[in-house]
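Single-structure report; data block below.
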Amino acid sequence: MRTLSAADLSLNTATVSKQWDLAQCIEGCACHGIGGISPWRDKLQACGVDRAAKLIRDAGLRVSGLCRGGWYTAEGALTQAVIDDNRRAVDEAAAIGAECLVMVVGGLPEGSKDIVAAREIVTEGLASTLDHARAAGVRVAIEPLHPMYAADRACVNMTAQALDICDRLGDGIGVALDVYHIWWDPDIAAQIRRAGKDRIHAFHVCDWMNPTQDMLLDRGMMGEGVIDIPSFRRMVEAEGFDGLVEVEIFSSRNWWTRPGDEVLAAMVAALPAI
């Protein structure tokens, strides 16, 4: 494996979402020697896309991804409003030079119990987005989410399911692999090999706390929990992944209550646990 330094890390802005706006996140990365950033769209839009792009360039940061597109089932079916919003997400990703647009695809439509049909809506939506993304030069990355989010956030829960969609849709689409969502999967090693370098678009890290107090908002800093994070980095790097390691932590009880500089310093200090 590579020997990581702070320059190999990327800050997903969710990690300090309660403390900092995007300009502060960019400044924080520069101050702590962190090499990249991955904005969420609300932070990006609040800053202004053009201003954000300039701030990122001036700070010399890479953009490991833009979070997030998707939510194809949000209105019960694939609507023009959802399609248009994903086109905007592609344009925003292109404007800031994002290495991929991360897709949280959406769960069950309201009132539905048909998860197979939900996945078909998602696949159709991704196909529509992909047409625009290819023209814009933006890679699309499906993020399979832990099965506990199948109903409300993402009906694509296994890396195998995400790659099946990629197989159907062709070039320009791959996966964003977040250890929080994939660490439990007994087939993950085979699926990482299946994805290969060309389809591993992003690698996200944090830790799974045991016990977990909240299934969304209790992620840990690397080394705090039970995930063998180096084993996952070893697997993706064996396939040729050499991108930034993106730190994405939702932590309402802990990390969101601390000063932003303390959180970034802890990220850098946690390098041995990655």
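Rule-based calculations on the coordinates, nothing more; no lab input. Quick caveat: nothing in here was measured; it's all calculated off a predicted structure. All Cβ positions, glycine included, derive from the backbone under ideal geometry; neighbour counts span all protein chains shown.
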- Task: Could you work out how far apart the two model spin labels at Ala151 and Lys197 are, taking each label as a point 7 Å from the Cα in the direction of the beta carbon, and quote it in nm?
- Result: 4.3 nm
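Could you size up the charge dipole of region 6-273 around its Cα centre, putting +1 on the beta carbon of Lys and Arg and -1 on that of Asp and Glu, and report it in debye to the nearest 20?
Using Cβ point charges on Lys, Arg, Asp and Glu, region 6-273 gives about 260 debye.
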- Query: Residue by residue through region 143-148, which ³J(HN,Hα) values in whole Hz follow from phi under the Karplus form 6.51 cos²θ - 1.76 cosθ + 1.60 (θ = phi - 60°), with glycine and proline marked x?
  - Reply: 9, x, 9, 3, x, 5
- Item | Loop-located trypsin sites (Lys or Arg not before Pro) in region 220-274 whose Cβ has at most 11 other Cβ within 10 Å (DSSP) | Arg253
- Over the chain: helical MRE at 222 nm, DSSP H runs n ≥ 4 each giving -39500 (n - 2.57), nearest 500: -13000 deg cm²/dmol
- Item | In region 155-234, chymotrypsin sites (Phe, Trp or Tyr not before Pro) in a DSSP loop with at most 14 other beta-carbon atoms within 10 Å | Trp184
- Descending Cα extents along the principal axes, region 6-273, whole Å: 45, 41, 37
- ³J(HN,Hα) across region 159-176 via Karplus (A = 6.51, B = -1.76, C = 1.60, θ = phi - 60°), whole Hz, x for Gly/Pro? 4, 4, 5, 4, 6, 4, 5, 4, 4, 6, 9, x, 5, x, 10, x, 10, 10
- Query: Under 19 Å from a point 7 Å along the Cα-to-Cβ line of Thr79: which residues of region 136-152 have their amide N that close?
  - Reply: 152
- Query: Can you sort Glu224, Glu239, Glu110 so the residue with the fewest Cβ neighbours within 10 Å comes first?
  - Reply: Glu110, Glu239, Glu224
- Amide H neighbours of Arg139 at under 5 Å, excluding residues fewer than 5 places away on the same chain, with H built from the backbone geometry, are Leu101
- Per residue of region 197-213, in order, report the coupling 6.51 cos²θ - 1.76 cosθ + 1.60 (Karplus, θ = phi - 60°) as ³J(HN,Hα) in whole Hz, putting x for Gly and Pro. 4, 5, 10, 8, 8, 7, 9, 10, 10, 5, 9, 9, 7, 10, x, 8, 8
